[in-house]
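Only one structure is covered here, and it is reproduced in the block below.
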Amino acid sequence: MPARKNSPAQVLFASLIGTTIEFFDFYIYATAAVLVFPKLFFKPGDASSAVLASLATFGIAFVARPIGSALFGHFGDRLGRKTTLVLALMTMGLSTFLIGTLPGYQKIGVLAPLLLSLCRFGQGVGLGGEWGGAVLLAVENAPPGKRAIYGMFPQLGAPLGFLLSGGMFYLLSHQLTNAQFLVWGWRLPFLLSATLVVLGLYVRLTITETPAFQELAKQSHTVGFPMATVFRRQLRALVAGVLISLATFVLFYLMTVFALSWGTTALHMPRERFLLMQMFGTLFFAATIPISAVMAEKGRMRVMIGVTILIALFGLGLAPLFSAGVSGATAMLALGLALMGITYGPLGTVISELFPTETRYTGSSLAFSLAGILGASLAPYIATWLAKSYGLPYVGYYLSTSAVLTLLGLLLVPKGAGSVQG
């Protein structure tokens, strides 16, 4: 009897649903870290210090990501993509659910931020194993000439997850009083995430292993310690992958976490209005992902270099737009998130093509996770400090600098990268 094969619909939906859930879980924390956690999980006092402390817990997940990448990457390259993806989703889902049950500072004191940080760490470990596996599930099942198109489906999970999380927080903010929202309303997205996780696990358990890994296991070509192999033999590819992802991370977390914090505090925009503005911008994020993936089938580097130059230029105009009232801030979010979609659409395929099958899960996950530490965990904190210390234009300069580093990473891409089927 011939081995059962995954249909294109199964592959694309399984890769999409998992990352949608993962990013939904991740983004509800990011939103709560700005709107809720400074008031509930930290010692009452200086509001600015509480926001910075809350953003610091937000960054914990990005420190945990490489640990998750190394752990899940090891088993993903040794035992297979399917089982590892199920375990990563369970880790992320349980951590998110527990956040929704935590008592605040007034009830348990310093244990509140400590437990919050521990759950955030669990979120990071889970996401560190999810993204790389979801991308490989797509690209390793892709027919020739369709890798970028297949590879953009897990990337679509980012805007979809953000729309779900932003939409839920918007509805809660609109329907509940501020007191109700702070006491119990904010917990609902964390608790309800469990239903999405159950759906994701069901879908993941119905698929079979990718053809590329099946062939690798059949030939007994798996390596004993994939992470050591990556650092010993594929260090240039790893460094290139980190730098290539850098501007993407900085751009996104400036447009989401920093923008929400600065817009609702320094610019005094209503929370509900700004969440709606961000969701509007996210539509551009979702729309440009498939466009860039189609373009990338004709030339990955051309698309990535072009959009990175545009991101650098966008950084120079960020402050004037953001400061120009509601219309200017909306235009900034729409333009920034449109650029985000163009750079993010081909990114998963580009990173996965840097590594051979036997270390692809570990290598691509590590590159993405290490870039997260440099470009995402620090971005909201650095941007807030720059804006308060030197002014909003320096936040744009920070983004432009990250784009220059990404251009350097694109120049480091080894010749011949791109044979993801073997």
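The values are calculated or read from the model by the stated rules, or taken from the named source; none is laboratory data. Given the structure is predicted, the values throughout are model-derived calculations rather than measurements. When we count neighbours, we look across all protein chains shown, and the Cβ atoms used for this are built from the backbone with ideal geometry, even at glycine. Accessible surface areas use protein heavy atoms only, side chains included; no ligands, DNA or RNA. Shrake-Rupley method; radii C 1.70, N 1.55, O 1.52, S 1.80 Å.
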> Dipole of segment 275-395 (Lys/Arg Cβ +1, Asp/Glu Cβ -1, origin at the Cα centre): which of GLY325, ALA296, THR359 lies farthest to the positive side?
Replying inline: GLY325
>> Leaving out ligands, DNA and RNA, and with a 1.4 Å probe, what % of the accessible surface on segment 277-381 is carbon or sulfur?
In response: 80
>> Report the gain in length on full extension from LYS5 to LEU283: 0.36 nm times residue separation, minus Cα-Cα distance, nm rounded to one decimal.
In response: 96.7 nm
> Which of LEU16, LEU392, PHE42 sits farthest toward the positive end of the charge dipole of the chain, with +1 on the Cβ of Lys and Arg and -1 on the Cβ of Asp and Glu?
Replying inline: LEU16
> Per 20 Å bin, what is the whole-percent P(r) computed from every C-alpha pair distance within the chain?
Replying inline: 29, 59, 12, 0
>> I'd like the orientation of helix 300-322 relative to the chain: the angle between its Cα long axis and the longest Cα principal axis, in ° from 0 to 90, rounded to 10.
In response: 0
> If you keep only loop residues by DSSP, which trypsin sites (Lys or Arg not before Pro) in segment 315-422 have at most 10 other Cβ atoms within 10 Å of their Cβ?
Replying inline: LYS415
> Pairing the Cα long axis of helix 147-175 with the longest principal axis of the chain, what angle in degrees results, from 0 to 90 and rounded to the nearest 10?
Replying inline: 20
> Using the beta-carbon distance between ILE309 and ILE108 and R0 = 56 Å, what value does 1/(1 + (r/R0)^6) give for FRET efficiency, to the nearest 0.05?
Replying inline: 0.65
> Can you list the lysines whose alpha carbon sits under 19 Å from that of LYS298, skipping same-chain ones fewer than 8 residues off?
Replying inline: LYS146, LYS415
> For segment 267-352, what is the largest minus smallest coordinate of the Cα atoms on each principal axis, given in angstrom and ordered from greatest to least?
Replying inline: 43, 24, 17
> When we measure straight from the Cα of LYS43, which lysines land under 21 angstrom away, once same-chain ones fewer than 8 places off are left out?
Replying inline: LYS107
>> How much accessible area per residue does the chain have, counting only protein heavy atoms and a probe of 1.4 Å, in square angstrom?
In response: 38
> What accessible surface, in Å², does a 1.4 Å probe find on SER323, ignoring ligands, DNA and RNA and rounding to the nearest 10?
Replying inline: 80
> Where the centroid of each part is defined by its Cα atoms, how far is segment 319-343 from segment 221-277 in Å?
Replying inline: 18
> Using modelled backbone amide H atoms (1.01 Å from N, in-plane), which distant-in-sequence or interchain residues come within less than 5 Å of LEU267's amide H?
Replying inline: none
> With charges set only on the Cβ (+1 for Lys and Arg, -1 for Asp and Glu), what does the dipole of the chain come to about its Cα centre, in debye to the nearest 20?
Replying inline: 360
> Taking all protein chains as present, what is the carbon and sulfur share of the accessible area of segment 22-116, in % to the nearest whole number, probe 1.4 Å?
Replying inline: 71
> Counting Lys and Arg as +1 and Asp and Glu as -1, each charge on the Cβ, what is the dipole of segment 139-237 about the Cα centre in debye, to the nearest 20?
Replying inline: 320
>> Which of PRO346, PRO393, PRO144 ends up with the largest GNM mean-square fluctuation for the chain, with Cα atoms connected below 10 Å?
In response: PRO144
> When the Karplus curve 6.51 cos²θ - 1.76 cosθ + 1.60 is applied with θ = phi - 60°, which whole-Hz ³J(HN,Hα) does each residue of segment 34-44 get, with x for Gly and Pro?
Replying inline: 8, 8, 10, 4, x, 8, 10, 10, 10, 4, x
> Which value, in Å² rounded to 10, gives the accessible area of LEU156 with a 1.4 Å probe and all protein chains present?
Replying inline: 30
> So, with +1 on the Cβ of K and R and -1 on the Cβ of D and E, and no other charges, what is the size of the charge dipole of segment 1-94 about its Cα centre, to the nearest 20 debye?
Replying inline: 340
> Taking the Cα centre of the chain as the origin and placing charges on Cβ (Lys, Arg +1; Asp, Glu -1), which of ALA138, PRO113, SER402 is farthest toward the positive end of the dipole?
Replying inline: ALA138
> Relative contact order for the chain using alpha-carbon pairs under 8 Å, separation at least 6, rounded to a whole percent?
Replying inline: 26
>> As an exercise, use a Förster radius of 22 Å and the Cβ-Cβ distance of LEU408 and PHE231 to find the FRET efficiency, rounded to the nearest 0.05.
In response: 0.65
> Once the Cα atoms of helix 379-389 and of the chain are each reduced to a long axis, what angle between those two axes, in degrees from 0 to 90 to the nearest 10, is obtained?
Replying inline: 40
